[in-house]
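Participant: Mind having a look at this structure? Questions to follow.
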Amino acid sequence: MPGKLKVRIVAGRHLPVMDRASDLTDAFVEVKFGNTTFKTDVFPKSLNPQWNSEWFKFEVDDEDLQDEPLQITVLDHDTYSANDAIGKVYIDIDPLLSNEAAAILSGWFPIYDTIHGIRGEINVMVKVDLFNDLNRFRQSSCGVKFFCTMSIPKCYKAVTIHGFVEELVVNEDPEYQWIDRIRTPRASNEARQRLISLMSGELQRKIGLKVLEMGGNAVVGYLQCFDLEGESGLVVRAIGTACTLDKLSNTATSLLPPCSSPSKDMKEVPFSEDPNPVTHSSGPSTPLKNQTYSFSPSKSYSRQSSSSDTDLSLTPKTGMGSGSGGKDGGPLKALYRQQTQSAFEHREFPFFTLTTFPSGFLVHVGGVVSARSVKLLDRIHNPDEPETRDAWWAEIRQEIKSHGKALGCHAVVGYSESTSICEEVCILSASGTAAVLNPKMLQDCSMEGCSEHRLDDPLSLGCNFCHIPYDELNMPFPAHLTYCYVCRKQKVPDVLFTTIEPPLEAAVTGKGCLIQARLCRQKKKTQGEANATAISNLLPFMEYELHTQLMNKLKLRAMNALFGLRIQITVGENMLLGLASATGLYLTALPSPGGIQVTGKTPSDSSYEQHISNMQKKINDMIIKNREIYEINPPEILEEVLGSPIPETRQRSRLFRSQSESSDDVSELDLSHGKKDAFVLEIDDADAVEDIHSLLTDAPTPSGFYSCNTEIMPGINNWTSDLQMFTSVRVFRLNNVTSLTSQWLNKAFSDLCENLLKTLYFKLRSMVPCCLCHVNFNVALPEDELIQIAVTAVAITYDKDQAQYVSKVCTDKTLLRASAENEEQLQFTLELCMESQSTQCALLFSPSKAAEMTESGSLQPVTPAAQRATSVDYSSFADRCSSWIEFIKQKAQTIRRGSIKTISSLDKASPLAEAQARHRSPISCTTSTVVEMTPLSFIPGAKITKYLGIINMFFIRETTSLREEGGVSGFLHAFIAEVFAMVRAHVAALGGNAVVSYIMKQCVFMENPNKNQAQCLINVSGDAINFVRDTDVESAPSQSQASGLQTGNGSGDVVT
Amino acid sequence: MAVELDVFVGNTTLIDKDVYQLWLDGYSVNDAVAIRVQSGILEQAGTTPDVLESDTMDHYRAFQMLERLLHSPPKLINQLLFQIPPPMQAMLIEKYYTFEEPFVREVLGKKLSKGTKKDLDDVSTKTAITLKSCRRQFDNFKRVFKVVEEMKGPLVENIQQNFLLSDRLAGDYAAVVFFANSRFETGKKKLQYLTFEDFACCAEQLIQNWTLGAVDSMADDMDVDLDREFLQDLKDLKVLITDKDLLDQHKSLVCTALRGKVTIFTEMESSFKNLSRGLINIATKLIHTKDVRDLFVDLVEKFIEPCKSDRWNINDVCLFLTQYTNTARALDAFKHQCLWERYMGTVKSCILKMYHD
């Protein structure tokens, strides 16, 4: 009996009036876990009851602890009739099971009812005493940490990245059970909420077991989804990347063994750790924490890698000692290849859900790989054997794997899976980016390994990942290759599509922007097999067209790479919608894109020709304008003014450019559909006219705004701490879909998206200059004629004044927070930074820079260099002076890197902090902490000190008085606000002040206005964290203590 | 193609102060959009009317949801549903409870009952304030009144604690509550020239000096109800006008003190007895609730108007009242010095505040 769960009900407030006669409520609380229920006394006649209950103790298996939610029900006592439920709170106690996370969960939770929404709040305290179970065959996986974050979490260091984990569980949907006919909507909703909570607990536990089996201790990039298959059941599935993580300490981690032997310590009190934390930049200074799980990581390490690998990995170590690792490059490469093979061969699916990697991990990127399949759903007969669904996904994954192989890659990164369901038809989709990874990092990501790798890799100029991984002579598809524009040594494609974040070390010119391709295809309303076939037939055409659109829009913006590409295909009864979103960028290593050429088929007609040339002019003008907007200045300028160290390259590059005029992309998308040149638009048919039209009608982003769907916007580093996460949902009704032309539909759909973006820009105008990051569109077709678009994103204000900013950077100690650097390197960087301050001045007045200065304004002469920056090869720093260009690039990179991390050193009074400070004085009511929410994995201008556990919540809201609640908009507005509030409350109760990697995975909205009814399901997830603003870093120790006291007080207040 | 549903929800509730004002002013969404269009926001932000409409709708919806909480501001501070930075919370509350001069002049001193609420259409037409806004302001008055009506302790502090208003606004509400409780007449034509601020000042004086709170700081309703005992005692002042000797003596003392100091000496001398009689009659009648209501009317009729017709300036009035009050001390036969000063101190302040065009 390995766990004791203790719950105390303290008080309630703002309860609804349940007794009309007295305008009061006689409230009591039922606490339920598993099959055990406790009750508090009735607190008569009060809307603010003080129960101050004893500690209710549940003795439970840790398996149950992981699966079951704690269920707290607030009821109104009624002597004569049945007690009325006021509402419930579900608390996922999983965050309390990890030995590093919060020791207690305590705070005010909104009391939620699926019919009435939030009805007051309840103050609850929850504790778990966990005894260790050393049983190898146990079914629980307590202690495995889960992260939604798609990168190695900031306070951790990856010791090993083990690889892909997946699991799915199925069940009958309570909404479709026979009993649903006789129970109330409330009971049905609650059954559903509880079941999904149970299923996701079970899923997490099962995945945890797999992770333990692999020898890991955490899942990063955890992505859990629900498939509401209606009649045929409910599927909860999840994928993630198993890792062994180590908490970062401020002592050089390399001195310690990779993972100290686990001990069986009980949980530590959170306040006792972090004795001297955040002044250092290398992450939280908690001394290496011990892990509670019973597997020895060192053992798993040896299990993972064959003995020959270990031998190999020793070789470069000796090479490093001599400091001339670069020369060993040739033979080592061969060794890598061997190693790579063996490291990946035994993996069933070499997939990684991560989108950002420790530097040195990603070697080459091949391109996007994706696979889709259309399936007909049938009832899941045996929930214990979800084999059909498993087989479906295995099939798709196999396909992805083979696509990756075709691109010469052994791994797929930025991998994700999704479904779209309409009635009995289901489209399963998977996509990722084929890549070559550094195999050593898979076994040991410790810093040693990293620096080693850098040493013997001569190409760490930030272009390496762009180099083609496949054989030039044996290309998987017709692509146009040129020599890399940075190193001039390796071949690169002319366009690169990926699903990952731009790597930190990537050399980027200018800024990026959100690029969307939108498409609508009609289909006949059919049933079963015929329907599935019709859809399958449409899919390739849609993909091709989306791809063409993306390519054209990319060219129009004078960019050559897409990151974070996400293609969503949604199936409805009578149409299919395709929406591709990505962030366009100009990668310095890739050739400059040629323009778009418009040609007509019938040149005899002069007015027609006139029309074409007009269009051509418009397109050309727009390309020029976009170059200005996104500050894309061809990199040649730098070389010219500085005097290129390799004179012949200029010539060469010119040559390449002219060649690159007609080429194709690297993505594996069906190029078999025609050898049509992507750059030449023939307007011989209506489609092409429409294409061009849609190209030109995309409204430009208003000035002061940038947008991207990736986490960071290259070229903008100086974020302030002013951020606003939001969700916007729109539903449109198309009348008479069948009578509409597909052209009209296409335009309508495109307009919907554009209008939504326009509204967002307008709403957020007070935050200018700002960037919308992680713009995530979700399209659904809830009914015949309805299109639903949900957008979640975060707007972050940035500081325009970069020059002022850069000078600050050097003095700021919080450099390089994000990257996992060890102490030695850190100091080194600081040093570099100091130097760069002086060289920066030199740059300022160097006449050779004049050309740039006139372009970018005198205030920011450093930026163009920074944007073109490449990664610093620290180990070869000694001979940095040999190349002037490289030198500058290094500086620039350091500045840029530094600036990413010191975001808010400028804004001393962050609005929220200020607000909090003010709050205390005038309004003396108990302050609820402000909880930030962001889809990003970090908080700009702040340092994450602690991860408190995963938040994964599912809510249902239903109404039978839609009009009274302000119609559909009023209903959904209130519901989304309620969901936010409940997420914030849970985070605050865990002692956190933010949710990172927040995502609204599902928002299913159904209405029946005639019956005055509506129902909505929302599923959200994220990582609860605690952060400290950079500006508060100095006072951090005292502050964290204060906040600890505050939470203590919050509950203490009520007791007294 | 029609938009069925359109919502925008921020983690931090987005509040546009201009839209909030339009909402408070009771404009419909369409009117608000029209007004915003006129303000040139479309050109400024480079956007279209449909975007503006969607934005306005969103805000209106949020405000409607917030309104429930605004009815009890401490709830707004404690609730978890909307994350609003405290300065913004303060702004929301302050603006919600702010009322307009024309409106308050119509309602001040009236009973805050259903009947008055029904007459709000007339108030709306008369003041050109939308009916919706009138209702909000009226309901605010009524809500504040109901909460603090029977509370112990100082009125302004009670209002501040329960509604988290600024000092100034809490003071104004104290005046509204005080006037509504005693039902002072403020609507007569003769009183039209007075502003709410004039009345608020008078209310402050009355609360400070004439209520129970002036003598006992822990009494129920201490700041709302006038001190009955005091009003009863005021009858004793009658001696100043009924006793001929006392009246003459008083007059000569005042005249001596003011000779050469005021421009309107002769007028003053001739009207002294009338003025004195006016002031003292007001005092002696205050025990009757009806006459309390007419306090301001009486002050204007019996004192301010006669003075104005004789072209006294404010300085003359001030000197006269000061001397009129002080010289009573020298009257040996007059035994009610304390009472006299409690009465005249307040009356003087009120008259001085009310003595303008």
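The values are calculated or read from the model by the stated rules, or taken from the named source; none is laboratory data. Note that this is a predicted model, so its numbers are computed, not measured. For neighbour counting, all protein chains shown are included, and Cβ atoms are generated from backbone atoms with ideal geometry for every residue, glycine included.
Participant: Which of the residues that make up segment B:255-264 are in contact with an Asp or Glu (Cβ under 9 Å, 6 or more places away or on another chain) and surrounded by 14 or more Cβ atoms within 10 Å (Cβ to Cβ)?
Facilitator: B:Cys255, B:Leu258, B:Val262, B:Ile264 - these are the residues of segment B:255-264 that are in contact with an Asp or Glu (Cβ under 9 Å, 6 or more places away or on another chain) and surrounded by 14 or more Cβ atoms within 10 Å (Cβ to Cβ).
Participant: Given the structure, is A:Ser707 more than 9 Å from chain B (Cβ to nearest Cβ), over 28 Å from B:Leu42 (Cβ atoms) and either modelled with pLDDT of 85 or more or under 28 Å from the mean Cα position of the chain (by Cα) (or both)?
Facilitator: Taking the combined requirement at face value, the residue does not satisfy it.
Participant: Let me ask you something else. Can you tell me how many residues in segment B:250-284 are over 30 Å from B:Arg228 (Cβ atoms) and of a type in the set (A, V, I, L, M)?
Facilitator: Residues flagged as over 30 Å from B:Arg228 (Cβ atoms) and of a type in the set (A, V, I, L, M) within segment B:250-284 amount to 7.
Here's the yes/no breakdown for (1) of a type outside the set (S, T, N, Q); (2) under 23 Å from B:Asp16 (Cα atoms); (3) at the interface with chain B (Cβ under 10 Å from one of its Cβ atoms); (4) surrounded by 21 or more Cβ atoms within 10 Å (Cβ to Cβ):
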{"position": "A:Lys747", "(1), (2), (3), (4)": "yes, no, no, no"}
{"position": "A:Ser750", "(1), (2), (3), (4)": "no, no, no, yes"}
{"position": "A:Arg765", "(1), (2), (3), (4)": "yes, yes, yes, no"}
{"position": "A:Ile787", "(1), (2), (3), (4)": "yes, no, yes, yes"}
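Participant: Another question about this same structure. Considering A:Ser969, A:Ser961, which residue is touching a strand residue (DSSP E or B) at 6+ places or on another chain (Cβ under 9 Å), of a type in the set (Ser, Thr, Tyr) and within 14 Å of another protein chain (Cβ to nearest Cβ)?
Facilitator: It is A:Ser969.
Participant: Do any residues in segment B:1-28 that are in contact (Cβ under 8 Å) with a residue 24 or more places away in the chain and at the interface with chain A (Cβ under 7 Å from one of its Cβ atoms) have Cβ atoms under 7 Å from those of residues that are among the aromatic types (Phe, Trp, Tyr) and not in a helix (DSSP H, G or I), where the two are at least six apart or on different chains, and which pairs are they?
Facilitator: Listed by first residue and then by second, the contacts come to B:Val3/A:Phe732; B:Phe8/A:Phe726; B:Asn11/A:Phe726.
Participant: Taking the residues in segment A:710-742 that are within 14 Å of chain B (Cβ to nearest Cβ) and β-branched (Val, Ile, Thr) as candidates, determine which candidate is surrounded by the most Cβ atoms within 10 Å (Cβ to Cβ).
Facilitator: A:Val729
Participant: Looking only at segment B:60-85, how many residues end up being over 18 Å from A:Ala985 (Cβ atoms) and in contact with a Lys or Arg (Cβ under 8 Å, 6 or more places away or on another chain)?
Facilitator: Result for segment B:60-85: 1.
Participant: Does A:Gly584 fit the bill of being touching a helix residue (DSSP H, G or I) at 6+ places or on another chain (Cβ under 6 Å) and closer than 27 Å to A:Phe357 by Cα?
Facilitator: On the way: touching a helix residue (DSSP H, G or I) at 6+ places or on another chain (Cβ under 6 Å): yes; closer than 27 Å to A:Phe357 by Cα: yes.
Yes, satisfied.
Participant: Is it the case that segment A:928-948 has a residue that's outside any helix (DSSP H, G or I) and without any contact (Cβ under 8 Å) to a residue 60 or more places away in the chain?
Facilitator: Taking segment A:928-948 as the starting set, the residues that turn out to be outside any helix (DSSP H, G or I) are A:928-948.
Right, trim to without any contact (Cβ under 8 Å) to a residue 60 or more places away in the chain and you get none.
No, because not a single residue in segment A:928-948 is outside any helix (DSSP H, G or I) and without any contact (Cβ under 8 Å) to a residue 60 or more places away in the chain.
Participant: Further, regarding this structure: Looking at B:Asp245 and the list (1) surrounded by 17 or more Cβ atoms within 10 Å (Cβ to Cβ); (2) in contact (Cβ under 8 Å) with a residue 24 or more places away in the chain, which single condition is not satisfied?
Facilitator: (1)
Participant: I'd like to check something: does segment B:70-82 contain any residue that is in contact (Cβ under 8 Å) with a residue 40 or more places away in the chain, buried (at least 18 other Cβ atoms within 10 Å of the Cβ), among the β-branched types (Val, Ile, Thr) and at the interface with another protein chain (Cβ under 10 Å from one of its Cβ atoms)?
Facilitator: For segment B:70-82, residues in contact (Cβ under 8 Å) with a residue 40 or more places away in the chain, buried (at least 18 other Cβ atoms within 10 Å of the Cβ), among the β-branched types (Val, Ile, Thr) and at the interface with another protein chain (Cβ under 10 Å from one of its Cβ atoms): present.
Participant: Take segment B:224-242 and flag every residue that is surrounded by 13 or more Cβ atoms within 10 Å (Cβ to Cβ) and in a helix (DSSP H, G or I).
Facilitator: Once the filter is applied, which keeps residues that are surrounded by 13 or more Cβ atoms within 10 Å (Cβ to Cβ) and in a helix (DSSP H, G or I), segment B:224-242 yields B:Phe230, B:Leu231, B:Asp233, B:Leu234, B:Lys235, B:Asp236, B:Leu237, B:Lys238, B:Val239, B:Leu240, B:Ile241.
Participant: Which of (1) touching a helix residue (DSSP H, G or I) at 6+ places or on another chain (Cβ under 9 Å); (2) modelled with pLDDT of 85 or more does A:Thr1031 not meet, given it meets every other one?
Facilitator: Here A:Thr1031 clears every test but (2).
Participant: On to the next question. Within segment A:995-1013, how many residues turn out to be surrounded by 17 or more Cβ atoms within 10 Å (Cβ to Cβ), out of contact with any Gly (no Cβ under 9 Å at 6 or more places or on another chain) and either within 13 Å of another protein chain (Cβ to nearest Cβ) or not in a strand (DSSP E or B) (or both)?
Facilitator: 4
Participant: Could you list all residues from segment B:103-125 that are among the basic types (Lys, Arg) and either in contact with a strand residue (DSSP E or B) (Cβ under 9 Å, 6 or more places away or on another chain) or closer than 12 Å to B:Phe145 by Cβ (or both)?
Facilitator: Passing the criteria: B:Lys110, B:Lys111.
Participant: Quick check on my filter: what residues within segment A:512-563 are of a type in the set (D, E, K, R), surrounded by 22 or more Cβ atoms within 10 Å (Cβ to Cβ) and part of a strand (DSSP E or B)?
Facilitator: The answer is A:Arg518, and nothing else.
Participant: How many residues does segment B:29-52 hold that are within 11 Å of chain A (Cβ to nearest Cβ), within 30 Å of A:Pro782 (Cα to Cα) and β-branched (Val, Ile, Thr)?
Facilitator: Final tally of qualifying residues: 3.
Participant: Considering each residue of segment A:148-178, count those that are within 30 Å of A:Ser232 (Cβ to Cβ) and among the polar types (S, T, N, Q), and give that number.
Facilitator: So the answer is 2.
Participant: Here's a follow-up. Restricting to segment A:767-784, what's the tally of residues that are crowded, with 19+ Cβ neighbours inside 10 Å and part of a loop (DSSP other than H, G, I, E, B)?
Facilitator: Matching residues across segment A:767-784 total 0.
Participant: To continue, here is another question. Looking at (1) surrounded by fewer than 21 Cβ atoms within 10 Å (Cβ to Cβ); (2) more than 9 Å from chain A (Cβ to nearest Cβ); (3) in a helix (DSSP H, G or I), can you tell me which one B:Pro87 breaks?
Facilitator: So B:Pro87 meets the others, but not (2).
Participant: When you check A:Gly3 against the structure, is it crowded, with 22+ Cβ neighbours inside 10 Å, within 14 Å of chain B (Cβ to nearest Cβ) and closer than 30 Å to A:Leu948 by Cα, yes or no?
Facilitator: no
Let's see how each residue does on (1) over 19 Å from B:Leu299 (Cα atoms); (2) of a type outside the set (S, T, N, Q); (3) assigned to a loop (DSSP other than H, G, I, E, B):
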| position | (1), (2), (3) |
| --- | --- |
| B:Thr116 | yes, no, no |
| B:Thr125 | yes, no, no |
| B:Phe138 | yes, yes, no |
| B:Phe145 | yes, yes, no |
| B:Ile207 | no, yes, no |
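Participant: Which one of A:Ala981, A:Ala977 is in contact (Cβ under 8 Å) with a residue 40 or more places away in the chain and within 11 Å of another protein chain (Cβ to nearest Cβ)?
Facilitator: A:Ala981
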